[in-house]
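Data block below; observations after.
The values are calculated or read from the model by the stated rules, or taken from the named source; none is laboratory data. As the structure is a prediction and not an experimental result, all values here were calculated from the model. Please note: Cβ atoms are built from the backbone with ideal geometry, for glycine as well, and neighbour counts cover all protein chains shown. We work out accessible area using only protein heavy atoms, side chains counted, and drop any ligands, DNA or RNA first. Shrake-Rupley method; radii C 1.70, N 1.55, O 1.52, S 1.80 Å.
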Amino acid sequence: MRAVLVFAGLCLLNNRAFWRYALLERGVVTLDTAAALWRHVAVPLGLGVVFALVALGLGRTLLRRIVRGEPGAAESPAAFGLGVLAWAGAVFALGLAGRLTGPALGFTSIAAALVAATELVALSRLRWVKAAAPAPGWQQALWGLLGYALWHSLVIATAPPIEWDILAYHLPIPKLYLAWGGVHEIPWLLHSHWPHLMEAFYVLPLALGEDGLAALIHAACCAGLVAGTFWAARAELGVRTAWLAAAVVAVQPTMLRIAGTAHSDGAVALMQLGATWALWRSDEGRDRRWVLAAALLTGASASCKLFAVAAVPAWAGWLAWRRRWPAAFLFSAASLAVVLPWYVKTAAGAGNPVWPFFSRWLGGAWGASVIETPYLVSTRWPWPPDGELLVRYGPQYLLPSLAAAAFSLGAAARPVPRFAAFCFIPALTYLPIVIRQQEAWRFLLPLYPAMGMLLAVWVGRALDRTGPRRWVALAALGLALWPGVSASQNNELFGASGVRSKLRPDRDPRELYLERSLDHYLPYDRIRRDVPPESRILLYREVRSYYLGLDYLWGDPLNQGLIPYARLATPEALRDRLRALGVTHVLVNDQLAMYAPSEQYYDERITRLMNEMLRLYAAPRVQYGPMSLYRLK
C-alpha cells in the first residue's frame, strides 16, 4: 500500500499542471486522445515487451549453452545483454551484406523469436524476488520510487524524441542505414565510424515506423541494469543493500535523462554489469565458461561505445593477476573478436579502425589528422571549468552522498565488501580515458552500480548505529534519491498523451509538442515542402537531422573531413567542393548559441569563407524562423 501511495503521490504532485489541465479543461480529452494513446503508447509498449522478452529468451538460450547450466534470476541481465548482442549482431551482419530489407529483417526477427520461445516458458518458473511478509515500510517506499522511475522512462520514451544526441546521430545513423539498405561509412558523420551496436538494433523499430520503440528498447536495457544491480547486491550484500542500491542507480539524473531515449549508454552499462557478475561467478570455481560469457558481454559493450573497450585490459589484467593465464587469453581474444567487425568495417571504409584517432600512426581518409586534435580539444573540459557542464548529468547528488556516508562512518567505512570493490575493477582503465571528457559523468554509467552498492553498504552500516552519524547517512541517502523524488514528466505527458491544446485545437498534439520543444522542427517542415525532393542540404551550424526528411550532410568543421575548410582558400573553392558533393542548398541556423562563431569551432576564417561563398554563389536567402536557407547557383 505504501508503494502505491508513493508512486501515485509523485505522479500527481510532480505533474500537477498536466493533470489539472487534462481533467479540468473541457474539450481537451477526446476520442482522438484515446486513438493517440493506443497508437503512440499502447502499441509501442506492447512491441517493447515483445522485443525485451525475445532478447531475454534468446540470451538465456545462449547463456545456457555457454555455461551448461540453468541461468537464475541473477543471470538474467547478462542473458538479456547476450540476447541483444545476438539479435543486433544479426542485423549488423545483414547491413554489412547490404540486406537491410523488410523480408530479411522479418526473417531474422522471427528466427530470434523461435529460438527464444522454449526458453520463455522457463521464465515463469524462476523465483525473481524472495517475498518477505510483510515488507518493511522503507522497502515499500523504495518500490514506489522505483515504479516512478520506470514510469518516468516510459513517458519519455512514448513522447516524440527531442533529445539532442538522439536527433543528431543515434536515430539518424540507423535511419540512413535503412534508407540505403545496408551499413556504409558516413563520411560527414564522425560518430558513424565508431562501434554502434544499439544503433544497428534500432534499424528494426525504424523499419516498423516506431522510433518510440527504439527508446523503449534502451529503457529495457536500463531497467535490466537496475534489476542486475538488485540481484547482484542481494546475492552478495544482503536484501537491504540491494533495494537501496537499485533505487540509487535508478534515480540518478543520467538515468532519468537517457533511459527513455534511443541512447546506447544504458546498454553499455548493462553489458558491463553482466560481465562483472559472470567474472565473479567464474572466480568461484575458476570456470572458463563464465569467462567466455563475460568476454562476449564485454565485447558487446565495446560494440556499443568506443570507450567501452577500455574494460578489456582491466579484466584481462585481473585474470592474469589471479594467475589465470589461459582465462586471461580467452577473455581478451573473445571480447576483441566480438568488436572486431566494427573496426574492420571502419578500417575498410575510412582507412582507420578508430577514425580519426591515432591518425599519426593509423592514418585515415577525409583529413583524419586535421580533425583529430581539434575534435579532442572540443570534447574535453574547458579551463576555467564551466559550472553548467560540471553538473549537467548530476554528479552533485551521488558523489557528495558517498563522501557524506563515508564521513559519517569514519574508520567504520572499512573494509569495503569484496564484491563492491570487485565491481570497481574496470575503473582502473576506464576512468583515466573518460574523466577528461565533458560527458564524463554520463560515460561513467557502468560504474553507477558499484557506487550505488557502496553507498548502500555505508548507509546501512550507519543506520545500525545511533547518534548524529545516523542522521548524516540518512541525509546522504536523501540527497542521492532526490533526483527521482523531484523528477517531472509534465511536458512529456502533453506529447505522449494526445491531449489537445486549447489555443491550437487544430494541431496534432505530438506535432505541437515538437514545434514547441525544437527550434528547428517547424522550419524543417516548411523547407521540406518548399524545396524539390531530390535536393541535398548542407547543415551548417546545425546537426540535428532526424526530422529533416531530405538528403543532407553535415557542414560541421569538427565532426567531418569531407569539406576540408583548411584547404579551401577561396569562396569559389568552397562552392566547387559543395557542388562536387551534390549540395544544392545550404541551411544555416543563425541563432544556435553553441555553434556561434568562435575560435574553437566555427572560427573567423571558416565563418568568413562560408558567408562570402553564400554572398557570391547562392540565391538570396529565404528565412525560416531561426534558420536561413540558401540555394546554390
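What number goes with the only condition from (1) over 22 Å from residue 330 (Cβ atoms); (2) over 17 Å from the mean Cα position of the chain (by Cα) that residue 262 does not pass?
Just one mismatch for residue 262, condition (2).
So, of the residues in the stretch 30-39 that are of a type outside the set (Gly, Ala, Ser) and more than 15 Å from residue 512 (Cβ to Cβ), which turns out to be surrounded by the most Cβ atoms within 10 Å (Cβ to Cβ)? Don't jump to the end; show me each part of the working.
Residues of the stretch 30-39 of a type outside the set (Gly, Ala, Ser): 30-33, 37-39.
When the remaining residues are screened for being more than 15 Å from residue 512 (Cβ to Cβ), the result is 31, 37-39.
Working: 31: 7, 37: 16, 38: 11, 39: 12.
Looking at residues that are of a type outside the set (Gly, Ala, Ser) and more than 15 Å from residue 512 (Cβ to Cβ), I get 37.
Restricting the stretch 564-623 to residues that are of a type in the set (Ser, Thr, Tyr), within 28 Å of residue 380 (Cβ to Cβ) and in a helix (DSSP H, G or I), which is most open to solvent (accessible area, probe 1.4 Å)? Break it down stepwise before answering.
Just the residues of the stretch 564-623 that are of a type in the set (Ser, Thr, Tyr), to begin with: 565, 570, 584, 595, 598, 601-602, 607, 617.
The next check asks that each one be within 28 Å of residue 380 (Cβ to Cβ); those that pass are 565, 595, 598, 601-602, 607.
Narrowing further to those that are in a helix (DSSP H, G or I): 565, 595, 607.
Numbers: 565: 11, 595: 10, 607: 28 Å².
Among those residues, the one meeting the criterion is 607.
Give just the number: which of (1) open to solvent by less than 50 Å² (accessible area, probe 1.4 Å); (2) more than 20 Å from the chain's Cα centre (by Cα); (3) over 24 Å from residue 20 (Cβ atoms) does residue 498 not satisfy?
Among (1) open to solvent by less than 50 Å² (accessible area, probe 1.4 Å); (2) more than 20 Å from the chain's Cα centre (by Cα); (3) over 24 Å from residue 20 (Cβ atoms), the lone unmet condition for residue 498 is (3).
Restricted to the stretch 422-481, and to residues that are charged (D, E, K, R) and out of contact with any Lys or Arg (no Cβ under 9 Å at 6 or more places or on another chain), which residue is nearest to residue 225 (Cα to Cα)?
Residues of the stretch 422-481 charged (D, E, K, R): 436, 439, 442, 461, 464-465, 469-470.
Subset that is out of contact with any Lys or Arg (no Cβ under 9 Å at 6 or more places or on another chain): 461, 465, 469-470.
On the way: 461: 25, 465: 31, 469: 31, 470: 29 Å.
Checking each candidate, the answer is 461.
Report yes if residue 460 is on the phi > 0 side of the Ramachandran plot and assigned to a helix (DSSP H, G or I), otherwise no.
On the way: on the phi > 0 side of the Ramachandran plot: no; assigned to a helix (DSSP H, G or I): yes.
When the stated conditions are applied, residue 460 does not pass them.
Restricted to the stretch 6-21, and to residues that are surrounded by 14 or more Cβ atoms within 10 Å (Cβ to Cβ) and in contact with a Phe, Trp or Tyr (Cβ under 9 Å, 6 or more places away or on another chain), which residue is farthest from residue 502 (Cα to Cα)? Don't jump to the end; show me each part of the working.
Step one: list which residues in the stretch 6-21 are surrounded by 14 or more Cβ atoms within 10 Å (Cβ to Cβ), which gives 6-7, 10-11, 14-15, 18-19, 21.
From what's left, in contact with a Phe, Trp or Tyr (Cβ under 9 Å, 6 or more places away or on another chain): 6-7, 10-11, 14, 18, 21.
Details: 6: 31, 7: 29, 10: 26, 11: 23, 14: 22, 18: 13, 21: 10 Å.
Looking at residues that are surrounded by 14 or more Cβ atoms within 10 Å (Cβ to Cβ) and in contact with a Phe, Trp or Tyr (Cβ under 9 Å, 6 or more places away or on another chain), I get 6.
Looking at the stretch 322-342, can you tell me whether even one residue there is of a type outside the set (Phe, Trp, Tyr), touching a residue at least 60 places away in the same chain (Cβ under 8 Å) and not in a helix (DSSP H, G or I)? Full working, then the answer.
Looking only at the stretch 322-342, we keep the residues that are of a type outside the set (Phe, Trp, Tyr), and these are 322-324, 326-328, 330, 332-341.
Next cut, touching a residue at least 60 places away in the same chain (Cβ under 8 Å) only: 338-339, 341.
Add one more test, that the residue is not in a helix (DSSP H, G or I), and what stays is none.
Within the stretch 322-342, not a single residue is of a type outside the set (Phe, Trp, Tyr), touching a residue at least 60 places away in the same chain (Cβ under 8 Å) and not in a helix (DSSP H, G or I).
Report whether or not residue 370 is in contact (Cβ under 8 Å) with a residue 40 or more places away in the chain, open to solvent by 60 Å² or more (accessible area, probe 1.4 Å), more than 22 Å from residue 84 (Cβ to Cβ) and more than 24 Å from the chain's Cα centre (by Cα).
On the way: in contact (Cβ under 8 Å) with a residue 40 or more places away in the chain: yes; open to solvent by 60 Å² or more (accessible area, probe 1.4 Å): yes; more than 22 Å from residue 84 (Cβ to Cβ): yes; more than 24 Å from the chain's Cα centre (by Cα): yes.
Yes, satisfied.
Considering only the stretch 40-71, state which residues are open to solvent by less than 20 Å² (accessible area, probe 1.4 Å) and assigned to a helix (DSSP H, G or I). Give the derivation first.
So the first thing to find is which residues in the stretch 40-71 are open to solvent by less than 20 Å² (accessible area, probe 1.4 Å), and the list is 44, 48, 54-55, 57-61, 63, 67, 71.
Once the filter is applied, which keeps residues that are open to solvent by less than 20 Å² (accessible area, probe 1.4 Å) and assigned to a helix (DSSP H, G or I), the stretch 40-71 yields 44, 48, 54, 55, 57, 58, 59, 60, 61, 63, 67.
Working only within the stretch 479-499, note down all residues that are over 13 Å from residue 11 (Cα atoms) and assigned to a loop (DSSP other than H, G, I, E, B).
498, 499
Tell me, which residue of the stretch 417-440 that is among the small types (Gly, Ala, Ser) and within 17 Å of residue 279 (Cα to Cα) is surrounded by the fewest Cβ atoms within 10 Å (Cβ to Cβ)?
Of all residues in the stretch 417-440, those among the small types (Gly, Ala, Ser) come to 420-421, 427, 440.
Those still in the list that are within 17 Å of residue 279 (Cα to Cα) too: 420-421, 427.
Numbers: 420: 25, 421: 13, 427: 19.
The selected residue is 421.
What are the pairs with Cβ atoms under 7 angstrom where one residue, in the stretch 473-484, is more than 8 Å from residue 397 (Cβ to Cβ) and the other, located anywhere, is not in a helix (DSSP H, G or I)? Sequence gap at least six, or different chains.
Listed pairs, sorted by first residue: 481/251; 484/251.
Looking only at residues in the stretch 343-360 that are of a type in the set (Gly, Ala, Ser) and free of Cβ contacts under 8 Å to residues at least 24 places away in the same chain, which one is least open to solvent (accessible area, probe 1.4 Å)? Write out each step before concluding.
Of the residues in the stretch 343-360, the ones of a type in the set (Gly, Ala, Ser) are 347-351, 359.
Narrowing further to those that are free of Cβ contacts under 8 Å to residues at least 24 places away in the same chain: 347-348, 351, 359.
Values: 347: 42, 348: 89, 351: 40, 359: 15 Å².
Among them, the one singled out is 359.
Within the stretch 501-517, take every residue that is assigned to a helix (DSSP H, G or I) and under 19 Å from residue 548 (Cα atoms) and give me the one that is most open to solvent (accessible area, probe 1.4 Å). Working first, answer last.
Residues of the stretch 501-517 assigned to a helix (DSSP H, G or I): 509-517.
Now narrow it down to the ones that are under 19 Å from residue 548 (Cα atoms): 510-517.
Numbers: 510: 36, 511: 65, 512: 9, 513: 23, 514: 10, 515: 43, 516: 154, 517: 52 Å².
My answer is 516.
Does residue 542 fit the bill of being buried (at least 23 other Cβ atoms within 10 Å of the Cβ), in contact (Cβ under 8 Å) with a residue 12 or more places away in the chain and closer than 30 Å to residue 558 by Cα? Reasoning before the result, please.
Details: buried (at least 23 other Cβ atoms within 10 Å of the Cβ): yes; in contact (Cβ under 8 Å) with a residue 12 or more places away in the chain: yes; closer than 30 Å to residue 558 by Cα: yes.
Yes, satisfied.
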